[in-house]
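These notes are about the structure you will find just below.
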Amino acid sequence: DQQVKQNSPSLSVQEGRISILNCDYTNSMFDYFLWYKKYPAEGPTFLISISSIKDKNEDGRFTVFLNKSAKHLSLHIVPSQPGDSAVYFCAATLLNTGNQFYFGTGTSLTVIP
Amino acid sequence: NAGVTQTPKFRVLKTGQSMTLLCAQDMNHEYMYWYRQDPGMGLRLIHYSVGEGTTAKGEVPDGYNVSRLKKQNFLLGLESAAPSQTSVYFCASRPVWGADQPQHFGDGTRLSIL
């Protein structure tokens, strides 16, 4: 059973506009969440993370929002750039175990110049 | 700085053949992981290791074995390959210090079983 879900397989956005990628999870015990970015023929690379004690974390053009009551997180990219075109995975874990990370199915973002 | 290196990058096997995928990391990380990525399924954990000489099962361990004889290497074995094991395999590592440290991934091994 998929504990982390990304219901949008793909998203297209115009350059300069905002990209919003969504992620839902079912396990309320998860307390740490991450976003990874993946280009074709490469491994995922870490993008940004957020702890469950926060509801927002920002790093440059990237902001992650966490809504614990809804078990939902989102990644905002502003402004979107063509180089942001990639597959984005969200992941979740329990920090006190730290051994297993549960990944979503990914959202393929295309930023149109 | 190589990071996480996976060998080979591509491989085609016949059903029933065996092979070993090698993962090597030069970051002195304690934790290492093997995932498989299939269309519409995301990344699923096969096995992981929390240190030299230790291994544990993940979500989808059946049909695979692993070994961590040296801290820097994590091997994934397929004893009798099946078409259902056609996938892209990713290795990852991360340090034991700081529970919030993200994983570092290799570039993957694309494996086809005919």
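The criterion of at least 3 residues that are over 27 Å from B:H47 (Cβ atoms), more than 9 Å from every other protein chain (Cβ to nearest Cβ) and touching a Pro at 6+ places or on another chain (Cβ under 9 Å) is met, among strands (runs of 3 or more DSSP E) falling completely within segment A:47-113, by A:107-112. Take the conditions (1) part of a strand (DSSP E or B); (2) out of contact with any Asp or Glu (no Cβ under 7 Å at 6 or more places or on another chain); (3) hydrophobic (A, V, I, L, M, F, W, C); B:V60 misses just one of them, which is (1).
Exactly one residue out of B:T55, B:T5, B:T20 is over 28 Å from A:Y32 (Cα atoms) and hydroxyl-bearing (S, T, Y), and it is B:T20. Screening segment B:1-17 for residues that are within 28 Å of A:Q6 (Cβ to Cβ) and out of contact with any Lys or Arg (no Cβ under 9 Å at 6 or more places or on another chain) and picking the one that is surrounded by the fewest Cβ atoms within 10 Å (Cβ to Cβ) gives B:G3. Is at least one residue of segment B:87-100 assigned to a loop (DSSP other than H, G, I, E, B), under 13 Å from the mean Cα position of the chain (by Cα) and of a type in the set (A, V, I, L, M, F, W, C)? No, because not a single residue in segment B:87-100 is assigned to a loop (DSSP other than H, G, I, E, B), under 13 Å from the mean Cα position of the chain (by Cα) and of a type in the set (A, V, I, L, M, F, W, C).
Scanning segment B:18-57 for residues that are open to solvent by less than 20 Å² (accessible area, probe 1.4 Å) and part of a loop (DSSP other than H, G, I, E, B) yields B:H29, B:G51. Inspection of segment A:35-54 finds a residue satisfying the criterion of being within 11 Å of the chain's Cα centre (by Cα), closer than 24 Å to B:P61 by Cα and crowded, with 17+ Cβ neighbours inside 10 Å. Within segment B:70-103, if we keep just the residues that are modelled with pLDDT of 95 or more and facing another protein chain (nearest Cβ under 9 Å), the residue that is surrounded by the most Cβ atoms within 10 Å (Cβ to Cβ) turns out to be B:C91. Out of (1) more than 17 Å from B:G42 (Cα to Cα); (2) open to solvent by less than 50 Å² (accessible area, probe 1.4 Å); (3) within 14 Å of the chain's Cα centre (by Cα), what's the single condition that is false for A:I20? It is condition (2) that A:I20 fails. Scanning segment A:24-34 for residues that are open to solvent by less than 30 Å² (accessible area, probe 1.4 Å), away from chain B (no Cβ under 11 Å) and part of a strand (DSSP E or B) gives a single hit, A:Y25. For B:G16, the stated conditions hold: it is out of contact with any Asp or Glu (no Cβ under 8 Å at 6 or more places or on another chain) and on the phi > 0 side of the Ramachandran plot.
Residues satisfying the criterion are absent from segment A:39-55 (criterion: touching a Cys at 6+ places or on another chain (Cβ under 9 Å), among the aromatic types (F, W, Y), within 30 Å of B:Q6 (Cβ to Cβ) and in contact (Cβ under 8 Å) with a residue 24 or more places away in the chain).
The values are calculated or read from the model by the stated rules, or taken from the named source; none is laboratory data. As the structure is a prediction and not an experimental result, all values here were calculated from the model. Neighbour counts are summed over all protein chains in view; Cβ atoms, including those assigned to glycine, are modelled from backbone coordinates with ideal geometry. Quick note on the areas: whole protein, heavy atoms, side chains included, nothing else; ligands and nucleic acids left out. Shrake-Rupley method; radii C 1.70, N 1.55, O 1.52, S 1.80 Å.
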